[in-house]
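See structure below.
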Amino acid sequence: MIMSPNSSFTIVWDLETVPDAAAHTRMQGLPDLAPGDAEEQMGDKFPKLPLHRIVCLGALIAERADGHWITRSLGAPNVGERTEREIIKSFVDRIGELRPQLVSFNGHGFDLPVLRYRAMLHSIHAPGLARRPYFNRYTDDALDLCDVLSSYDARSKVSLDALSRFLGLAGKPDGVDGSQVATLVRDGRIGEVADYCETDVVNTYRAWLRYELFRGSLGEAEFVASEADLTTFLSARLATHPHLAALMQRWSRSSWVKICCGLTIRMYPRHEARKDREGFWDAAAAGARSAKSRSSCRSALRSSAAPATAQSPRAIDRRSASRP
């Protein structure tokens, strides 16, 4: 049964996958085929969607409060910590609990059908995916930025990295892309895959905020406060998540300061550090922000409503930002 949506929560998410040789042998009716022979048979071609084994699921949970979006949690649970079944189960349970809008990049073309196929493979009870019409391509319940920004026309589509850099965002880490995931997993470097996945999620979230500003779902001051809150959130994680440092260094050199509606923007004091990936899907990971953090975000709205004064990027306080 489809239930009423919860417009106060959004989950921005992304999958990282590798070819599933065992599933390939079953699909081809060759149960005795050795794994190595199955991989050779699959070759370098892009596998059919059911044959993508999920090795990492990155997501950012945001809640709308006081008019703007507050980053509640960010993480990328992966097969270095838990099984594929556990990753999927915890994610769909979280969707069932929050009934959020889902935001992705190429989610309808890849992530959502892969999630459904793999959940069915593992016999996962997932009523959360029926809470809203997530599999309807033409609603905002599961918004695919790749679809909507191209007006559903393949000729107009661009990659997430190209879009991010076009918008003045960080883009993907240098020297890393999705084609390297299988090699990294094979070499036991799943942590690097998780780091890469997190940067994709942050880039997607920031592109979505820009889209929400464009279509009027966010006002100018609310957009600035949402960006400032994300910066504060990421800054608080640098000690335990050093890969975010490069993300924020590129961010500080990008044009986002200049294009945020002409408003004066400041980084805000760090709030409490978030839990590591292990506790990402736990209910506690989306707990209430500290009073200090809430006060800072409200201050962003009040100060940005006042007459703005031109200010160079160098005048911005980046004490907590060493840096998709």
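Quick one: if the Förster radius is 51 Å, what FRET efficiency do ASP44 and SER217 give, using the C-beta to C-beta distance and rounding to 0.05? Don't skip to the answer; put the middle values down first.
Numbers: r = 41 Å, r/R0 = 0.81.
That gives a FRET efficiency of 0.80.
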Worksheet item: Got the relative contact order for region 1-73 handy, in percent, Cα pairs under 8 Å and 6 or more residues apart?
Response: 43 percent
Item to complete: Collect residues whose amide H, placed 1.01 Å from N in the peptide plane, falls under 5 Å from the amide H of VAL55; neighbours closer than 5 in sequence don't count.
Response: GLU16, THR17, VAL18
Fill in: Extension gain (nm, one decimal) between ASP66 and ALA34, 0.36 nm per residue minus Cα-Cα
5.8 nm
Worksheet item: With no solvent and one point on each alpha carbon, what is the Debye value of log10 I(q)/I(0) for region 20-100 at q = 0.11, 0.24 Å⁻¹?
Response: -0.47, -1.12
Worksheet, complete the sentence: Taking a crude spin-label model, label points 7 Å out from Cα along the C-beta direction, the SER90 to ARG189 distance in nm is 2.4 nm
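Bear in mind these aren't lab numbers, they're just calculated from the coordinates by the rules spelled out. Just so it is clear, the structure is predicted and the values come from calculations on it, not from any experiment. Positions of Cβ are generated from backbone atoms using ideal geometry, with glycine treated the same way; all protein chains shown enter the neighbour counts.
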